[in-house]
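Structure first, then comments.
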Amino acid sequence: MLTNPMRAHHASLDVFNAIFKVIPWPALMLGQDGAVIVTSEEADAPASQLPAAAPPSSLRERAGHYVAALRGEPPWLTPQEVDTTRSLPSGEVVHERLVVRRTDWGACLIIIDQTELRQLQVADVQTARLAALGFMVAGVCHEISNPLTSLHSVVQILRSEPPPGPELLQKGLSNIAGSVRKILDISRRLVRFSRVGDEPRARFPVDVAIEEALQVMRQDGLLDRIDLQWRCDPAALVVGNTGQLSEVFLNLLLNAVQAMDGSGRLGIDTATAGGAVEVVVSDTGPGISEAVRSRMFEPFFTTRSAAHGTGLGLAISREIVLEHGGSLNADRTPRGASFRVELPRARP
């Protein structure tokens with residue numbers, strides 16, 4: 001049993017030293033009045049050698065900064081965790097978390113350096129922003145490539161027959177106008193993307209968007225060797241953006257034709273099912289392996305060479321369908337591939 005204050009003081013230091021040995025962070029032992037009893041930097045030092053004045057940058061010197069950051073007054077009856085910052089002489093900012101717990105003698109204050117964690121968090125946020133920017137830019141390039149390719153084809157046709165006949169010229173100008181409209185629509189989407197709120201939408205038959213996509217493919221000669229079987233449904237009304245949904249179906253149809261190497265049966269089935277509109281695009285190509293199926297909607301994933309695909313078509317299409325409150329999935333079929341687009345049905 002301790003019989004005098006000096007022995008009690010030494011016993012307290014032994015307890016604090018034992019605590020400091022199992023705590024992997026700097027720590028302060030504070031009295032009931034908030035004064036520093038001892039610090040982990042002073043652990044194992046004889047009581048006679050404890051500093052009367054704190055050396056610069058020591059835990060004891062920084063104690064005032066830490067105590068001032070705490071909520072409430074001594075003896076801090078409520079446990080708390082507080083984030084604080086301080087500057088080094090070099091100008092570097094140190095981020096620290098203070099963890100305070102009540103004790104019989106006052107409080108134990110632990111200082112956890114979180115500077116590296118904060119730097120990693122900032123780096124992660126920057127990486128996420130760059131990834132989002134890269135995805136958006138790549139997506140824009142992918143979407144613009146289709147109308148630009150169509151424009152290039154029309155110009156080459158018109159230049160190959162100087163002067164072009166009235167019928168060919170009119171057809172070419174209509175194609176150019178349609179492609180320019182698509183590019184302008186993409187540009188407007190980028191502007192609206194940076195603003196709060198959704199873009200205006202209208203009610204229309206989903207087959208209108210499918211017809212727009214098919215028209216682009218006909219003009220490019222992609223359906224010349226395709227057996228197209230399209231079952232329409234005039235009652236399949238949706239609310240959305242025609243240009244965006246047309247881009248979805250164009251991506252699905254292009255993938256189907258490319259999978260069949262330009263020759264085969266292309267099926268499009270439009271139907272209503274309760275409160276939903278379903279569009280199934282199927283082909284007689286080689287089908288989808290399980291390895292590809294698990295990754296096919298990932299941005300930049302493609303089974304084709306970089307010269308023939310960016311791996312963004314399905315990723316962009318799914319995002320557009322999700323924005324319209326629907327879903328886009330690949331059905332399991334015994335032969336070929338089948339993609340199902342489901343959208344909310346609009347009232348007639």
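The values are calculated or read from the model by the stated rules, or taken from the named source; none is laboratory data. Predicted, not measured: the structure shown is a model, and the values here were computed from it. All Cβ positions, even for glycine, are placed from backbone atoms using ideal geometry, and neighbour counts span all protein chains on display. These area figures cover heavy atoms from the full protein model, side chains too; ligands, DNA and RNA do not enter into them. Shrake-Rupley method; radii C 1.70, N 1.55, O 1.52, S 1.80 Å.
Could you run through the stretch 319-336 and say how many residues are under 19 Å from Val277 (Cβ atoms) and not in a strand (DSSP E or B)?
8
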State the number of residues belonging to the stretch 244-291 that are more than 14 Å from Gly336 (Cα to Cα), open to solvent by 20 Å² or more (accessible area, probe 1.4 Å) and touching an Asp or Glu at 6+ places or on another chain (Cβ under 7 Å). 4
Could you say whether any residue in the stretch 220-241 is at pLDDT below 90, of a type in the set (S, T, N, Q), open to solvent by less than 60 Å² (accessible area, probe 1.4 Å) and under 31 Å from the mean Cα position of the chain (by Cα)? yes
